[in-house]
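The values are calculated or read from the model by the stated rules, or taken from the named source; none is laboratory data. Just so we're clear, the structure is a prediction, and the values are computed from it rather than from any experiment. FYI the Cβ positions are ideal-geometry reconstructions off the backbone, even for glycines, and counts take in every protein chain you see. When the accessible area is computed, the model is the full protein with side chains, heavy atoms only, and any ligands, DNA or RNA have been set aside. Shrake-Rupley method; radii C 1.70, N 1.55, O 1.52, S 1.80 Å.
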Amino acid sequence: MALSKMDNLYRQVILDHSAHPHHHGKLDDSTNQIELKNPTCGDVLQLDVKVKDNKIADIAFSGYGCTISQASASMMTDAVMNKDIDTAEDMVEDFSNMILGEKTDTDILDDAATLKGVSQFPARIKCATLAWKALHKALNKK
Amino acid sequence: MDNKTNQWREDFPILNQKVNDENLVYLDNAATTQKPQAIINDIDKFYQHDNANVHRGVHTLAERSTEQFEAARVKIQKFINAQHSDEIIYTKGTTDALNIIARSFGEENIHEGDEIVISYLEHHSNLIPWQQLAIKKHATLKYIELDKDGFVDLEDAKKKITDKTKIVSIAHVSNVLGVINPVKELASLAHMHGAVMVVDGAQSVPHMPVDVQDLDCDFLAFSGHKMLGPTGIGVLYGKEALLNAMPPVDYGGEMINFVHLYETSWNDLPWKFEAGTPNIAGAIVLGDAVDYLEKIGMQNIFDYENKLVAYVLPKLLKIDDLIVYGPHDPKKHTSVISFNLKDLHPHDLATGLDMEGVAVRAGHHCAQPLMGYLGVNATARASFYFYNTVEDADTLVKSIVATKEFFKNGTV
């Protein structure tokens, strides 16, 4: 059955993150906020980041989206927590390269590295990258 | 009917392929339809034998292409029972046609305080042109409510359409809910108040008989690619008197009568609205698509799709956790069916179906205000055409159940 191919996309850890997302909600004391929309599907992601001493001291996301976008957001918040800004920006690039099927260092990405299989599902790449794009935009918001 | 195939399916070579190792089941016909081999051949034939610009040359090829281009217009005129062939304007598609009405008729006739009336189920292409016109002219945009099944509510329409209303524009068939709206009754309401009636026929003209004189609509817009034709060609129908009074929106070649240094007089209908070299092959082949459809018969197509809906809708309604939008009575439902699995995003559902070879659309279907009205962010949508079969319907149902199980329990 061709549905078994979906195992590459929806690995258990991804389903777990989607069902029980980490850092889901809002921050009272965020320094950087952004709302990003995926215009093709109407999904919405709000990201609250608290930057302190050039580090991501806290982060939370809310909004609405598919399994992949929710899991990706949850994994992203785990991965970048307590990282300094430059490292987080490198991770944004590593994740993007990984999703586009390019060779890249994925160790630093933690659970987010399990989304590698998305590269075989071109229609879903935007779902996986939404949270990381939001992080990049939030960190660069003047 | 035969479950596995029907007499038309073999005409569509694209349907005969594997997708993700499964037989392709194409159920995204509301987005665009597939093309029969005859139509694909006709495009080749035109470029191999007859290609020349229209209305410009005296040479033989120019005459041939012009003759075919205008013959297609007459076919389309008869297809929707327009009174005159010059009421058929070639456009890029439905969106283009609706924008022309807004930019020409709307620009001339909408003034401050006037009303434009649409409904909550409109596609963005029958919403944004009116919304932007209303903003520009300080006019009021009003939305007719939907009834419990999702039909544009006539009772509410009677309240919303007033003597201030200048334009009423409504989808004949919803691209999400699959309802057929009472556009004939709405046209008569609009006329009672001195307004014009615009019908978005993108989802109706390909699937059912549409008679503009019977509907008494003032304008009708539809797309070629949703009815077997190529992309980039569509039709704006308008009543001759209205079109004659309307200014052109695009300027250039073809649309002129005589150009002086400081003024220009316009060409006659329909060419006044067809500036520049048109999609000649597209128009000619759209005429061929009309021939193909008429050979089957639009009533036969409507009846066949109705039978498919009567077969599949009850099966969908029986799936636990599947929410089906729009009417649940197959008699009220055309072959566009939107649904969601509880607690699963439609994109995940659509990826699951794709793995089973089933092509459906997932998203907001260019109808975000309707999504808001339904209280959802997005839906999955299966849309059938006459080349789909009972077996296609069975595969859809089976694949939805398998996808549901996958997300509950992993691979079965």
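Would you jot down the residues in region B:375-412 that end up with at least 50 Å² less accessible area in the complete protein assembly than in the chain alone, with a 1.4 Å probe?
The answer is B:ASN377, B:PHE406, B:PHE407, B:THR411 - residues whose exposure falls by at least 50 Å² when every protein chain is included.
Between region B:340-412 and region B:86-108, how far is it from one alpha carbon centroid to the other, in angstrom?
Taking the Cα centre of region B:86-108 as reference, the centre of region B:340-412 is 34 Å away.
In square angstrom, what is the accessible area per residue of chain B with a 1.4 angstrom probe?
Here the per-residue accessible area is 40 Å².
What distance in nm separates the simple spin-label points at B:HIS328 and B:ILE128, each placed 7 Å from Cα in the Cβ direction?
3.6 nm
Please go through the residue pairs B:LYS4/B:LYS398; B:LYS148/B:LYS318; A:LYS37/A:LYS116; B:LYS142/B:LYS226; B:LYS307/B:LYS398; A:LYS133/B:LYS136 and name each one whose alpha carbons sit more than 24 Å apart in this structure. Let's see the in-between values first.
Details: B:LYS4/B:LYS398 15 Å; B:LYS148/B:LYS318 20 Å; A:LYS37/A:LYS116 22 Å; B:LYS142/B:LYS226 29 Å; B:LYS307/B:LYS398 19 Å; A:LYS133/B:LYS136 35 Å.
From the list (B:LYS4/B:LYS398; B:LYS148/B:LYS318; A:LYS37/A:LYS116; B:LYS142/B:LYS226; B:LYS307/B:LYS398; A:LYS133/B:LYS136), the Cα-Cα distance tops 24 Å for B:LYS142/B:LYS226; A:LYS133/B:LYS136.
On a 0 to 90° scale, report how tilted helix B:390-409 is relative to the longest principal axis of chain B, with both axes built from alpha carbons and the result rounded to the nearest 10.
Roughly 60 degrees, rounded to the nearest 10.
Could you give the length gained on full extension between B:ILE256 and B:VAL58, defined as 0.36 nm per residue of separation minus the Cα-Cα distance, in nm?
Between B:ILE256 and B:VAL58, full extension yields an extra 69.4 nm.
Could you work out how far helix B:280-296 tilts from the main Cα principal axis of chain B, as a 0 to 90 degree angle to the nearest 10?
Value to nearest ten degrees: 50.
Return the loop-located chymotrypsin sites (Phe, Trp or Tyr not before Pro) in region B:262-311 (DSSP other than H, G, I, E, B) with at most 14 other Cβ atoms within 10 Å of their own Cβ; answer none if there are none. Please report the intermediate quantities before stating the final value.
Values: sites: B:TYR262, B:TRP266, B:TRP271, B:PHE273, B:TYR292, B:PHE302, B:TYR304, B:TYR311; in loops: B:TYR262.
Here the sparse-neighbourhood loop sites are B:TYR262.
Mind pulling the angle between the C-alpha long axis of helix B:298-318 and the longest principal axis of chain B? Nearest 10 degrees, somewhere in 0 to 90.
Here the helix axis deviates by roughly 30 degrees.
If you roll a 1.4 Å probe over region B:40-295 with all protein chains in place, what percent of the accessible area is carbon or sulfur? Provide the component values of the computation, followed by the final result.
Values: 5300 of 10440 Å².
In region B:40-295, the share of accessible area belonging to carbon and sulfur is 51 percent.
For region B:40-295, give the share of DSSP beta bridges that are antiparallel, in percent and rounded to the nearest 5; count only bridges with both residues there.
Details: 14 of 30 bridges.
Around 45 percent antiparallel, to the nearest 5.
Report the FRET efficiency, 1/(1 + (r/R0)^6), for A:ASP7 and B:LEU317, where r is their Cβ-Cβ distance and R0 is 30 Å, rounded to 0.05.
Calculated transfer efficiency: 0.50.
Take peptide A:2-15, look around each residue's Cβ out to 10 angstrom, count Cβ atoms belonging to other protein chains, and average those counts. Intermediate results must be reported in sequence, preceding the final value.
Values: counts 12, 15, 5, 6, 13, 3, 0, 4, 7, 0, 1, 0, 0, 4.
Neighbouring Cβ atoms belonging to other protein chains average 5 per residue here.
Is there a simple number for the mean count of other chain Cβ atoms within 10 Å of the Cβ of residues in B:21-30, and what is it? Numbers along the way, then the final one.
Working: counts 3, 3, 0, 0, 0, 0, 0, 0, 0, 0.
Going residue by residue through B:21-30 and averaging, the value is 1.
Assuming a viscosity of 0.692 mPa s and a temperature of 37 °C, what translational diffusion coefficient in µm² per second does Stokes-Einstein assign to region B:140-199, Rh being the Kirkwood radius over Cα pairs?
On the way: Rh = 11.5 Å.
Roughly 285 µm²/s, to the nearest whole number.
Evaluate the distance, in nm, between pseudo-label points positioned 7 Å from the Cα of A:THR87 and of A:HIS20 along their respective Cα→Cβ axes.
2.6 nm
Using only C-alpha positions, report the orientation-averaged shadow area of the convex hull of region B:322-369, nm², one decimal.
Numbers: hull surface 16.3 nm².
Mean projected area for region B:322-369: 4.1 nm², to one decimal.
Can you show me the helix-derived [θ] at 222 nm for chain B, built from DSSP H runs with n ≥ 4 at -39,500 (n - 2.57) apiece and divided by the number of residues, rounded to the nearest 500. List each step's numbers first, then the result.
Numbers: 13 runs with 149 residues, N = 412.
For chain B, the value works out to -11000 deg cm²/dmol.
For region A:31-96, compute Rh as the Kirkwood radius over C-alpha pairs and then the Stokes-Einstein diffusion coefficient at 37 °C and 0.692 mPa s; write the answer in µm²/s, rounded to an integer. Don't skip to the end; give the middle numbers.
Numbers: Rh = 12.4 Å.
This corresponds to a translational diffusion coefficient of 264 µm²/s.
Compute the whole-percent fraction of alpha carbon pairs in the protein assembly as shown spaced more than 29 Å apart. Intermediate values should be presented prior to the final figure.
Values: 91112 of 153181 pairs.
Tail of P(r) above 29 Å: 59 percent of Cα pairs.
Taking 20 Å² as the minimum loss, tell me which residues in region A:42-84 lose that much accessible area going from the chain by itself to the full protein complex (1.4 Å probe).
By number: A:GLY42, A:TYR64, A:CYS66, A:THR67.
Radius of gyration and Dmax for region B:40-295's Cα atoms, expressed in Å?
Expressed in Å, the Cα Rg and Dmax of region B:40-295 come to 18.5, 60.
What's the whole-number percent of alpha carbon pairs in region B:90-148 lying beyond 20 angstrom?
Details: 432 of 1711 pairs.
Cα-Cα pairs of region B:90-148 separated by over 20 Å account for 25 percent.
In square nanometres, what is one fourth of the surface area of the convex hull spanned by the alpha carbons of chain A? Intermediate results must be reported in sequence, preceding the final value.
Values: hull surface 33.2 nm².
Mean orientational projected area (chain A, Cα hull): 8.3 nm².
Quick one: in region B:294-412, what % of C-alpha pairs are over 23 Å apart?
Details: 2081 of 7021 pairs.
In whole percent, the share of Cα-Cα pairs in region B:294-412 beyond 23 Å is 30.
Work out from phi, with θ = phi - 60° and the Karplus expression 6.51 cos²θ - 1.76 cosθ + 1.60, the ³J(HN,Hα) of each residue of region B:19-32, listed in order in whole Hz, and give x for Gly and Pro.
10, 6, 6, 10, 4, 5, 10, 8, 10, 10, 6, 6, 7, 7
For chain A, what are the DSSP H helices with axial Cα length of 15 Å or more and mean Kyte-Doolittle hydropathy of at least -0.5? Working shown, then result.
Values: long enough: A:67-80 (20 Å, 0.51); A:85-99 (21 Å, -0.06); A:125-139 (21 Å, 0.61).
Membrane-span-like by this criterion, though nothing is claimed about a membrane: A:67-80, A:85-99, A:125-139.
Give the Debye-formula value of log10 I(q)/I(0) at each listed q (0.12 Å⁻¹), with one equal scatterer per alpha carbon of region B:1-112, two decimals each.
Relative scattering, expressed as log10 I(q)/I(0), comes to -0.74.
R0 = 56 Å: FRET efficiency of A:GLU102 with B:ASN3, Cβ-based, nearest 0.05? Please report the intermediate quantities before stating the final value.
Details: r = 46 Å, r/R0 = 0.82.
So, using R0 = 56 Å, E works out to roughly 0.75.
Give the interface area between chains B and A as buried accessible surface, both sides summed, probe 1.4 Å, in Å² to the nearest 100. Walk me through the intermediate numbers first.
Details: alone 17450 and 7590 Å², together 23140 Å².
Summing both chains' loss of accessible area gives about 1900 Å².
Once the Cβ-Cβ distance between B:ASN41 and A:VAL44 is put in as r, and R0 is 35 Å, what FRET efficiency do you end up with, to the nearest 0.05?
Values: r = 46 Å, r/R0 = 1.32.
Efficiency for this residue pair is about 0.15.
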